[in-house]
Amino acid sequence: GTIYFQKINNGIYGIKNGEAYLVTSDITFKENEVVGIFGQQDNLLIQTRELGFFKYENSNVSKWQAVSSKLLDEISVYNSIKLRNGNFVLGTISNGMIILNKKGEVEYQIDNANGLSNNTVLSLFEDLDQNIWLGLDKGINCINAMSAFSNYNDENGTIGRVYTSAIHNGNLYLGTNQGLFYKGINDNAKFQFIEGTQGQVWQLVKFDGTLFCGHNEGAFIISDTKASKINGIPGTWDIQEIEEQENLLLLGSYNGLNILEKDSGAWRFRNKIEGFNNSSKYFSKIKDRILVSHEYKGMFNLKVDSNLLSVKEISNHQSLTKELHSSLIEYNNDVLYTSQEGVYKYHYNTDSFKKDSIYSKLFENQNYTSGKLISIKSSNKLWAFTKEGINYLEPSGLSTALELHRIAIPNVLRDNMIGYENLLHLEDQKYLFGTSSGFLIIDIDKIKEKDYTIEINVIAKKSLNEPSQLIDKTINDNFKNKENNISFNYNVTEYDKYFIAEYQYKLDGIYEQWSSWDQSSMASFRNLPSGDYTFNVRARVGNVITNEASYSFVIEKPWYLSNLMILIYGISVIIILFLTHTFYKSYYKKQRERLMMQSQQELELEKLENEQQRMTFRNEQLKQDIENKNRELAISTMSLIKKNEFLNKIKEELKSVDQEDNLKHVVKIIDKNLNNTDDWKFFQEAFNNADKGFLNKVKEKHPALTPNDLKLCAYLRLNLSSKEIAPLLNISSRSVEVKRYRLRKKMNLPHESSLTNYILEL
C-alpha cells in the first residue's frame, strides 16, 4: 500500500496516507539513479542504472548477491519491471533485454543479434497474456514469454539445416547437412562440431546404450564427443533393430540392406543382403519379409532367408503409387505407408496394403505437403506434417482408441525441409523440431486454445478519382451510386509469432460464398452495383474459428434509375408505344393502299399484257393474211405474166399464118384479153391488200403520174424485171425501158439514183 520514489541527492522516499517520508538516505541512492523498486517478501529490492540490485532489509542496504551480479555491473539499465511470475525484465541501453529469474539468474538475453529491432530498450510492459512489450529506439517489439514455441536460430549458419537429433549421456546431438554437433542438454554454451563427421547426417538412433549415426559416408558410432566409422558400409539412411535378434541391426543404405552384428561388445559390419541393390531409405522387417519403399520405384516386398544373407524373392505392390516424400514406418505393431491419397496399413496374411481411415485423419481436410510420419515410442505418438500445421495421434486417456490433435503451426513458419521433418522427445510434453536454421522446441502443455474476437476496424468508401472517406462502422449507411468502391479492414488480436490469423469473408447481395482462408486483413470491392449488401468476416487462429463481424449498407440507385425516373420511363414507354402503334397503323394503311394500287396496276398491266398478246396474235394473223395476200398477189402476177406470155405467143403464131377474117377476129379477142382491165383491177385489189396506201402515196408525191405509170410503179414495187413487166403491159422489154426512163423524169430522180430502189423505199 506504499508508493516509493527517489529524490536525487536525497535518497528513497515513501508515500503513505498522503504523506511523504524518508525511507533511506544511503549514499548509494543519493549518487546513483534508481530505475526500479520492487517488493520482495517484506523487503525492498532496488535496482540502479549502473550498479545493479540492492536489498533494503531491516533498514539496512546491501548488494543483492545474485548469480548475474557480475553481468549487471557491466551493463547500463534504462528501466525494469517485475513480471507476475516473479521474474525481472531489464531494459538496457546497449545490451537489449535481459530476463532474470527470482534468484537473479539470467534466463534469457535477447538483443539485436537474435531478433530485437535494436539494443536500446526504453520502455517495458507485460500484458494480460504475459507477453512482454518493448519500446525501442526503433519501433515496438513483442516477446511471447509464455509461448509454446521456443526457437533456437543459428544466425551465423554454423550448424546448418537440422535433419535429425538425439539425447545421449547428457548431451544434445544435432545431425545436419554440415555434420554432427553437440552441447550439454542444460548448457547455454554453443554447439561443438564432432570431428570426422563432415557432410550430411541422415539419422541418429540409440540401441542398447549406443548412439549410431547414419551418414552420407556410412555408419558411425558416437561416443560422447568422438565418432568412430564402421567399415564396409556405404552411405546410410536409417538403422533399425531386428526382433528376437538383439545382436543384429538392419541398415538401409545407398546400396541396399546391410547387417551389423554385435561381437564381443563391439558392433561390426557382418554382411550385405545379396540380391537387392536399390537405395533403401524407408524399410521395415516383418518376419521373413522386408518391405522397402522407394520414392521413384515403388514398394518392394523382399523374402529373405533366415540368416539374412540373401533375397529369395522380390515382388512389387502395384496398388501403391510411386510418390516423392512418401514414407514407411512402424507404429504400435502396424506398418504404415503414406502418400497423398492417405495412410495405408500393411496386412501380412494377404500381403497387401489397405487404406486406413483412422490413420488417414492425420491429413484429412488439410493441404498435403509431405508423407513423412514419425513414430516416437517414448510418448506413443504418431506425427504428421501438413501445410497448415503439425498433427499427431495418440491413445486417448480412457481407451486405446487413437485421438487426433492438431498444432496450428503452418509450414511457412516451421522452416523445415519438406520430406525430412524430424522430431525428438525431450521431456514431458516438450519436443525438438529441426529447422533449416536451427531447431524449434514445442511445449504441448503450453498450447492453450482461447477465444478470439474479430472486429471490423476501418470502413472506407470511395468514388472514382476521389480520395477515400472513412465511415462510422456503428451506423449502417446509404451510399450514393458513385460511391460504390468499398474497403474493409479487420483484425484479430493475436501476438504469438507461431499462431497466424487467417480470414474469410463474403458479401451477401453479390458474393454469397465464403472466400478462401487468407492472411490479408483487408477486403476491397470495386464498382458494386446498386442494392442491399451485408459484409461478413470471420477469422481462424490455429484451430479456433472466431465469431462473425458484419456491416450492412445500401448503394443507392443512379439518378436515371430512381423511382421518379422509372415513372417517367413508364410514361415515355406508353407514349412511345402509342405513337408507334399510330405510326404503324398509318404505315400499314398506306402499305395496304399501296398494295391495292399495286394489285390494281398489276391487274391493269396483266390486262394490257393480255391485250398486247391479243394484238400480237392479231398482228401475227394479219401478217399471215398479208403473207397470204402477197402469195396470192405473186400467184396472180405470175398468172397474168404467164397468161399474157401465152397469149402473145399465140398471137405471134397466128400472125405468121395467112390471116383471114376469122383469124383477125381471134387476134382481136387475144388483144382484148391482153388489155383486159379486169385483170388490172384484180391485180390492183390484191396489190393494195398486200401493200396498202402505196399507190395513193406515190400519187400524192407525184401527181403527174398516169394510171399506166402507177401500174409500172406497182410492178417495180414487186421488184419485177423489165422482161417480167413487158407481158403485163403487153409491150416489149424495150418499151418497158422507155417507160422506166419517162417515169424517172416524171419523178425527177437523179441520174445516179436507182428507180427500183427509190420505189422500194417509199
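The values are calculated or read from the model by the stated rules, or taken from the named source; none is laboratory data. Predicted model only: the values in this text are computed from it and were never measured. No Cβ is skipped: glycine too gets one built from the backbone with ideal geometry, and neighbour counts run over all protein chains shown. For accessibility, only protein heavy atoms count, side chains too; no ligands or nucleic acids. Shrake-Rupley method; radii C 1.70, N 1.55, O 1.52, S 1.80 Å.
Summary table below
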quantity	calculated
Contacts under 6 angstrom Cβ, first residue in the stretch 1-22 being farther than 10 Å from residue 34 by Cβ and exposed (fewer than 14 other Cβ atoms within 10 Å of the Cβ), partner charged (D, E, K, R) and modelled with pLDDT under 95, 6 or more apart	2/16; 9/30
Qualifying residues in the stretch 495-531 (those that are touching a residue at least 60 places away in the same chain (Cβ under 8 Å) and hydroxyl-bearing (Ser, Thr, Tyr)) - the one surrounded by the fewest Cβ atoms within 10 Å (Cβ to Cβ)	495
Residue in the stretch 476-486 that is open to solvent by 80 Å² or more (accessible area, probe 1.4 Å) and either without any contact (Cβ under 8 Å) to a residue 12 or more places away in the chain or hydrophobic (A, V, I, L, M, F, W, C) (or both) present	no
Qualifying residue in the stretch 104-124 (condition: closer than 21 Å to residue 38 by Cα, hydrophobic (A, V, I, L, M, F, W, C) and touching a Cys at 6+ places or on another chain (Cβ under 9 Å))	no
Residue list for the stretch 387-442, filter: touching a helix residue (DSSP H, G or I) at 6+ places or on another chain (Cβ under 6 Å) and either part of a loop (DSSP other than H, G, I, E, B) or under 27 Å from residue 178 (Cβ atoms) (or both)	387, 429
Extreme residue, farthest from residue 687 (Cα to Cα), among residues of the stretch 708-748 that are in a loop (DSSP other than H, G, I, E, B) and either open to solvent by 30 Å² or more (accessible area, probe 1.4 Å) or acidic (Asp, Glu) (or both)	748
Count of the stretch 341-383 residues which are open to solvent by 10 Å² or more (accessible area, probe 1.4 Å), in a loop (DSSP other than H, G, I, E, B) and either in contact with a helix residue (DSSP H, G or I) (Cβ under 8 Å, 6 or more places away or on another chain) or of a type outside the set (S, T, N, Q) (or both)	9
In the stretch 56-72, the residues that are farther than 20 Å from residue 99 by Cβ and either without any contact (Cβ under 8 Å) to a residue 24 or more places away in the chain or in a strand (DSSP E or B) (or both)	56, 57, 58, 60, 61, 62, 63
Any chance residue 52 is touching a helix residue (DSSP H, G or I) at 6+ places or on another chain (Cβ under 9 Å), buried (at least 16 other Cβ atoms within 10 Å of the Cβ) and in contact (Cβ under 8 Å) with a residue 12 or more places away in the chain	yes
Failed item in (1) more than 48 Å from the chain's Cα centre (by Cα); (2) assigned to a strand (DSSP E or B); (3) not aliphatic (A, V, I, L, M), with residue 135 passing the rest	(1)
In the stretch 207-237, the residues that are surrounded by fewer than 19 Cβ atoms within 10 Å (Cβ to Cβ), assigned to a strand (DSSP E or B) and within 50 Å of the chain's Cα centre (by Cα)	237
Filter pass, residue 39 being assigned to a strand (DSSP E or B), surrounded by fewer than 12 Cβ atoms within 10 Å (Cβ to Cβ) and not charged (D, E, K, R)	yes
Any hit, the stretch 532-539, residues being over 27 Å from residue 408 (Cβ atoms) and surrounded by fewer than 18 Cβ atoms within 10 Å (Cβ to Cβ)	yes
Strands (runs of 3 or more DSSP E) enclosed by the stretch 466-541 - at least 2 residues per element that are over 22 Å from the mean Cα position of the chain (by Cα)	469-471, 477-479, 485-492, 501-508, 531-541
Failed criterion for residue 146 (all others in (1) at pLDDT 95 or above; (2) open to solvent by 20 Å² or more (accessible area, probe 1.4 Å); (3) not small (Gly, Ala, Ser) hold)	(1)
Qualifying positions in the stretch 573-583 - open to solvent by less than 100 Å² (accessible area, probe 1.4 Å) and of a type outside the set (A, V, I, L, M)	580, 582
Contacts under 7 angstrom Cβ, first residue in the stretch 609-636 being modelled with pLDDT under 80, partner open to solvent by 70 Å² or more (accessible area, probe 1.4 Å), 6 or more apart	636/682
Test for residue 583: is it among the aromatic types (Phe, Trp, Tyr) and in contact with a strand residue (DSSP E or B) (Cβ under 8 Å, 6 or more places away or on another chain)	no
Within the stretch 389-410, tally of residues that are open to solvent by 10 Å² or more (accessible area, probe 1.4 Å) and more than 20 Å from residue 446 (Cβ to Cβ)	7
All positions within the stretch 168-187 that are of a type in the set (Gly, Ala, Ser) and part of a strand (DSSP E or B)	175, 179, 184
Residue in the stretch 554-572 that is surrounded by 14 or more Cβ atoms within 10 Å (Cβ to Cβ) and assigned to a strand (DSSP E or B) present	yes
Qualifying residue in the stretch 281-294 (condition: closer than 18 Å to residue 218 by Cβ, of a type in the set (S, T, N, Q) and in a strand (DSSP E or B))	no
Filtered residues of the stretch 295-315 (kept if in a loop (DSSP other than H, G, I, E, B), under 22 Å from residue 335 (Cα atoms) and over 47 Å from the mean Cα position of the chain (by Cα))	305, 306, 308
Count - residues of the stretch 555-579 that are hydroxyl-bearing (Ser, Thr, Tyr) and at pLDDT 90 or above	1
Some residue of the stretch 433-446 being at pLDDT below 90 and either within 33 Å of the chain's Cα centre (by Cα) or open to solvent by less than 50 Å² (accessible area, probe 1.4 Å) (or both)	yes
Any hit, the stretch 151-159, residues being in contact with a helix residue (DSSP H, G or I) (Cβ under 8 Å, 6 or more places away or on another chain), outside any strand (DSSP E or B) and either of a type in the set (Asp, Glu) or open to solvent by less than 50 Å² (accessible area, probe 1.4 Å) (or both)	yes
